[in-house]
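J.: Submitted below is the structure of interest, expressed as structure tokens.
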Amino acid sequence: MFLDRYANLIQGLARDVTALGSSPFYGYIWLLFLAVDPRVSLDLLLTFALLMAISYAIKALWFKPRPDHVEGVVHDNVLEQVDASSFPSAHSARAAAMAWIVIGAVEAGPALASIVILGALATGGSRVVLRRHSVGDVLGGFAIGVVAAVAVEILGP
């Protein structure tokens with residue numbers, strides 16, 4: 001079968017793509033805009049703080065095991081539980097928020113907007129391929145990211 005033959009390649013690609021939703025990558029985008037447009041960098045920073053607060057509050061209040069969860073593992077404290085909880089996908093939230101803000105900030109045309117959106121979607125897909133999240137976790141993360149970005153856009157400085 002195709003997937004069996006290329007499983008290692010697909011896993012490697014998914015690990016690379018998932019970095020697009022990581023906090024360090026978000027930080028690189030923030031630094032880029034800090035140099036180019038400080039207002040956008042402030043929006044990115046406030047959105048990051050809001051989406052992480054929402055995501056971690058949900059994870060702290062409602063534990064959902066990750067798809068790769070090993071039965072019988074006990075979490076000794078709330079920080080371990082938050083880290084082990086699947087819903088929502090913070091990578092997907094960050095990717096969606098970055099896409100929303102960047103597309104608006106650079107007044108992206110259809111080609112650039114499509115690339116940015118595909119990057120966010122690929123990030124979400126990579127989380128499912130890596131068995132860190134279900135599709136619902138990823139969709140929840142996308143929603144939180146967009147809601148946080150829109151909230152900062154409307155209510156921010």
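J.: Considering only residues of the stretch 115-127 that are in contact (Cβ under 8 Å) with a residue 40 or more places away in the chain and hydrophobic (A, V, I, L, M, F, W, C), which is surrounded by the fewest Cβ atoms within 10 Å (Cβ to Cβ)?
T.: The extreme case among them is Ala122.
J.: Something else about it: Could you identify the single residue in Arg94, Arg132 that is touching a Lys or Arg at 6+ places or on another chain (Cβ under 6 Å) and either assigned to a helix (DSSP H, G or I) or on the phi < 0 side of the Ramachandran plot (or both)? Quick ask: steps written out before the conclusion?
T.: Values: Arg94 fails: touching a Lys or Arg at 6+ places or on another chain (Cβ under 6 Å).
Just one listed residue meets the conditions, Arg132.
J.: Only one of (1) within 23 Å of Val128 (Cα to Cα); (2) loosely packed, with under 14 Cβ neighbours inside 10 Å; (3) within 18 Å of the chain's Cα centre (by Cα); (4) not small (Gly, Ala, Ser) fails for Tyr28. Which number is that?
T.: (1)
J.: Output the residues belonging to the stretch 6-42 that are β-branched (Val, Ile, Thr), over 16 Å from Ala90 (Cα atoms) and either modelled with pLDDT under 90 or in a loop (DSSP other than H, G, I, E, B) (or both).
T.: Passing the criteria: only Ile10.
J.: Working only within the stretch 1-24, note down all residues that are in contact with a helix residue (DSSP H, G or I) (Cβ under 6 Å, 6 or more places away or on another chain) and in contact (Cβ under 8 Å) with a residue 24 or more places away in the chain.
T.: Ala14, Val17, Thr18, Leu20, Gly21
J.: Just checking, which of Leu130, Leu112 is within 20 Å of Asp16 (Cα to Cα), surrounded by fewer than 20 Cβ atoms within 10 Å (Cβ to Cβ) and either modelled with pLDDT under 95 or not acidic (Asp, Glu) (or both)? Don't jump to the end; show me each part of the working.
T.: Details: Leu112 fails: within 20 Å of Asp16 (Cα to Cα).
Result: Leu130 is the single residue among Leu130, Leu112 that is within 20 Å of Asp16 (Cα to Cα), surrounded by fewer than 20 Cβ atoms within 10 Å (Cβ to Cβ) and either modelled with pLDDT under 95 or not acidic (Asp, Glu) (or both).
The values are calculated or read from the model by the stated rules, or taken from the named source; none is laboratory data. Here the structure is a predicted model, which is why all the values come from computation and not from measurement. Reconstructed Cβ throughout: ideal geometry from the backbone, glycine too, with neighbour counts over all protein chains shown.
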